[in-house]
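To keep things clear, I will list the structure first and then write my remarks on it.
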Amino acid sequence: MRNWHGEGIWYGADYNPEQWPEQTWAEDVELMRRAGVNLVSVGIFSWALLEPTPGRYVFDWLDRAIDLLHDGGISVDLATATASPPPWLAHRHPETLPRRADGTVLWPGGRQAYCPSSPVFRDHSLALVEAVARRYARHAAVVLWHVSNELGCHNVHCYCDVSAEAFRRWLRERYGDLDSLNAAWGTAFWSQRYHDWAEINPPRTAPTFANPTQQLDFLRFSSDEQRAQLRAERELLNRLVPQPVTTNFMIGTGIKYLDYHSWASDVDVVANDHYLTAADPQPQVNLALAADHTRGVAGGAPWLLMEHSTSAVNWQPRNVAKTPGQMRRNSLAHVARGADGVLFFQWRASRAGAEKFHSALVPHAGPDTKVFREVCRLGADLRALAEVRGSRVDADVAILFDYEAWWGAELDSHPSVDVTYTDRLSALHAALWRAGITADVVHPSADLSRYRLVLAPTLYLVRDADADALRRFVEAGGTAVVTYFSGIVDEHDHIRLGGYPGAFRDLLGVRVEEFFPLRDGETVSLDDGARADVWTEWLHAEGAEVLAAYTDGPLPGVPALTRNAVGAGAAWYVGTRLDDDATDRLVARLLAETGVRPPVSAPAGVEVVRRRSADRSWLFVVNHTTEPARLAVSGVELLGGARCDGELEVPAGEVAVVREEPAPVPATA
Ligand code: GLA
């Protein structure tokens, strides 16, 4: 991995100078310096300007922009510019356009209108990467390369003939022979047996439900095709440039179809884009989940927040502006959770184009604005946090996350449309957030030995090796929690027979003989006072202790919550969808059982996260409430520069970062 760190925390934005007359550029650099910006992403959507006709490259404007930034002391994250092809590509090669499952062609005019499997697109894009790389490999401003942009954001699934051929190649590679494919896809069902590879297609619009394993494999293939573009560009860059390489992931904003856990090894630094959901009354909780997941994808290492917004976006139904202080809290919460860089989309709000109502660092109203003043304040904050760079986040809890389990869990023709993959993930993570506990969101194959508590929400699809790893974690003294609709199928989406939740049945000491999903809006009660909805099941405790049973609904008296002592640890099972109060109570019991505690106790709504290096630690305190918060902390508060001895006061809506003195001993030491 090439080093991507600078001297402190990176701070900046996408910078699109091509949208502005050159007179504006000098003012841009002057304002960037005023704001403390030290890194900008340049050239992301510049292909049509850099290569106006095939093979003719025009770099003079980009030379001038990058030189100007360099003169201003601002580093560049240089895009390969392949994010969106110029109109001439589709005009000359219409076969590069992507198609939906029903055959609809997606035309140029927006962005990303290319088939990810198109060799024509690949060749043209790599020729561009080579030209850009050769031109700027030695430019002193360039510290990082930015492959494409949000790969697969709009074109992840293409069903055209070129994609069909690529899918067949991918399947041959995976299965070797047709018998294996037929077995994996269960084609004995509904007369689907394939006798020739040429008969196989992507799961195009069909009269009824398409084969689920065909669908699952197509999702795997599609993620791999996007990843292949990343790998092809990175390999080329690695040969031509000395700097590190990244691309921006979209973890935690509902983007489902890119298996980022498998992509992480293809970048020198994991970079993520995160936007708040305006309709969410507590968006800081989802932000924390996205950051915890990004850190999990990064294997616990620091990562880069490549994009978020200073205020409103433009692509939601109602684009709510950030209130004063909210952007600062958002940014510093990302840093608390492992980001060593805070960048935004975009530097200057556009005059034209589809994103002209998206916020930026310099709004349409100019620098004399709340947004730009907050941008300058954040720049000063991040400068004061330089020493935090490279440190890691403390977490004793892991939540397992697998994109393939997500894909599988939400295929069609399942017991209930109300069972969605991220529902229990979000509910459990939010309960931990309310309890002040930081969790890493990791792949089931991650090393679990450093955790005390591991949660497996809706892990519908699980491999044998990953189920075994969870058992070993429990045997060695860990506490695991599995929620309903987990362990149901293997990697081919075949049911694990003998009773649910197949892969975890023995570990949990339970056997489910039948699912009893609830009707829309129907609720049930448990004999410990909990309320639940969506899901119940006919569960037998086979070795597990019953902690709560239903008092009503379709299964009165049947266990709903169990705990099984295994080896030196315990495995809990939650067979229904507990409401938030009951989830909070469950989490409180788990924390009591495992001895996991927050870094310091804090009032509700005050987020506290600890980062730690070999010999120092920093406590981030983000006060999301309208009241001042007092915490028992000693050390130096870096944003204000004052010492605190035993008591830290953080005013309403403000953030504090304390270098703790003395640094506390890690809980696991
Ligand atoms: C994404 C893209 C940016 C921009 C923003 C708007 O993150 O990468 O180009 O479209 O969304 O929020």
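Averaged over its residues, segment 606-660 has an accessible area of 40 Å² per residue, based on protein heavy atoms and a 1.4 Å probe. Each of Asp268, Asp394, Asp506 has its accessible area taken with a 1.4 Å probe; listed largest first, they run Asp506, Asp394, Asp268.
With the whole protein complex present, Glu404 retains an accessible surface near 20 Å², based on a 1.4 Å probe. Label-to-label distance, Thr523 versus Ala183, with points set 7 angstrom from Cα along the beta-carbon direction: 4.9 nm.
Quick one: work out the % antiparallel among DSSP beta bridges in segment 397-594, nearest 5. Can you show the working numbers first?
Values: 25 of 42 bridges.
So the antiparallel bridges amount to about 60 percent of the total.
Please report the equivalent ellipsoid semi-axes of segment 191-349, computed as sqrt(5 x eigenvalue) of the Cα gyration tensor, largest first, in whole Å. Could the numbers behind the result be given before it?
Working: eigenvalues 232, 102, 37 Å².
Equivalent ellipsoid semi-axes, largest first: 34, 23, 14 Å.
Only Cα pairs under 8 Å and 6+ residues apart enter the sum, and on that basis the relative contact order of segment 397-594 stands at 20 percent. Give me log10 I(q)/I(0) at q = 0.14, 0.19 Å⁻¹ for segment 130-175, Debye formula, one equal scatterer per alpha-carbon, no solvent. Result of the Debye calculation: -0.63, -0.77. Under 21 Å of direct C-alpha separation, and excluding same-chain neighbours fewer than eight residues apart, Lys356 reaches these lysines: Lys322, Lys370.
Could you tell me how many cubic angstrom of Cα convex hull volume the chain has per residue? Mind showing how you got there, number by number?
Values: hull volume 105.8 nm³, N = 669.
Dividing the Cα hull volume of the chain by its residue count gives 158 Å³.
Given segment 329-404, report the % of alpha carbon pairs whose separation exceeds 20 Å. The partial results should precede the final answer.
Values: 1396 of 2850 pairs.
Tail fraction, whole percent: 49.
In segment 606-660, the inverse of the mean reciprocal separation of distinct Cα atoms equals 11.1 Å; this is its Kirkwood hydrodynamic radius. For the set Asp396, Asp368, solvent exposure ranked by accessible area (probe 1.4 Å, protein chains only) runs largest to smallest as Asp368, Asp396.
Can you tell me what the convex hull of the Cα atoms of segment 534-588 projects to on average, as an area in nm²? Don't skip to the end; give the middle numbers.
Values: hull surface 16.5 nm².
The number I arrive at for segment 534-588 is 4.1 nm².
The antiparallel fraction among DSSP beta bridges confined to the chain stands at about 55%.
222 nm [θ] for the chain, helices only, -39500 (n - 2.57) per DSSP H run of 4+, per residue, to 500? The partial results should precede the final answer.
Details: 17 runs with 203 residues, N = 669.
Result for the chain: -9500 deg cm²/dmol, rounded to the nearest 500.
When the alpha carbon coordinates of segment 335-455 are projected onto the principal axes, the ranges are 53, 41, 25 Å, largest first.
Which of the peptides 278-284, 507-513, 129-135 is most tightly packed, and how do the rest follow, judged by the mean count of other Cβ atoms within 10 Å per residue? Spell out each step's value before the answer.
Details: 278-284: 13.3, 507-513: 21.6, 129-135: 19.1.
Final packing ranking: 507-513, 129-135, 278-284.
In whole percent, and with a 1.4 Å probe on the protein chains, what portion of the accessible area of the chain is carbon and sulfur? Carbon and sulfur atoms account for 50 percent of the accessible area of the chain. When only the Cβ of Lys, Arg, Asp and Glu is charged (+1, +1, -1, -1), the dipole of the chain relative to its Cα centre reaches about 1300 debye. Most tightly packed first, judged by the mean number of other beta-carbon atoms within 10 Å of their residues, the peptides 145-153, 335-343, 51-59 read 335-343, 145-153, 51-59.
Hey, quick one: spin label on Leu49, modelled 7 Å out along Cα-Cβ, who in segment 335-379 has an amide N within reach, i.e. under 19 Å? The answer is 344-358, 360-364. Judged by the mean number of other Cβ atoms found within 10 Å, the most tightly packed of the peptides 445-454, 204-213, 8-17 leads the ranking 8-17, 445-454, 204-213.
One-quarter of the Cα convex hull surface for segment 397-594, in nm²?
Values: hull surface 38.6 nm².
So the Cα hull casts an average projection of 9.7 nm².
For segment 527-619, the convex hull spanned by the alpha carbon atoms encloses 136 Å³ per residue.
Binning the C-alpha pair distances of segment 559-662 at 5 Å intervals from 0 yields a P(r) profile of 2, 11, 17, 17, 12, 12, 10, 10, 6, 2, 0 %, listed from the shortest bin outward.
Relative contact order of segment 231-283, please, whole-number percent, based on alpha carbon pairs below 8 angstrom and at least 6 residues apart.
Values: 42 pairs, mean separation 21.1, N = 53.
RCO, segment 231-283: 40 percent.
D by Stokes-Einstein for segment 63-164, Kirkwood Rh over Cα pairs, 4 °C, 1.567 mPa s: 87 µm²/s.
For segment 397-594, with every protein chain kept in place, what is the accessible area per residue (1.4 Å probe, Å²)? Don't skip to the end; give the middle numbers.
On the way: 7020 Å² over 198 residues.
Computed with neighbouring chains in place, this is 35 Å² per residue.
Per-residue SASA remark: Arg99, around 100 Å² accessible (1.4 Å probe; ligands, DNA and RNA not included).
Find the relative contact order for the chain and round it to a whole percent, using C-alpha pairs within less than 8 Å whose residues are 6+ positions apart.
RCO, the chain: 10 percent.
Evaluated at q = 0.14, 0.15 Å⁻¹, the base-10 log of the normalised Debye intensity for segment 1-126, with identical point scatterers placed on the Cα atoms, takes the values -0.72, -0.79.
The values are calculated or read from the model by the stated rules, or taken from the named source; none is laboratory data. Remember, it's a predicted structure, so these values are computed and weren't measured experimentally. Methodologically, a virtual Cβ is constructed for each residue, glycine included, from the backbone with ideal geometry; neighbour enumeration extends over all protein chains shown. Heavy atoms of the whole protein, side chains included, go into the accessibility calculation; ligands, DNA and RNA do not. Shrake-Rupley method; radii C 1.70, N 1.55, O 1.52, S 1.80 Å.
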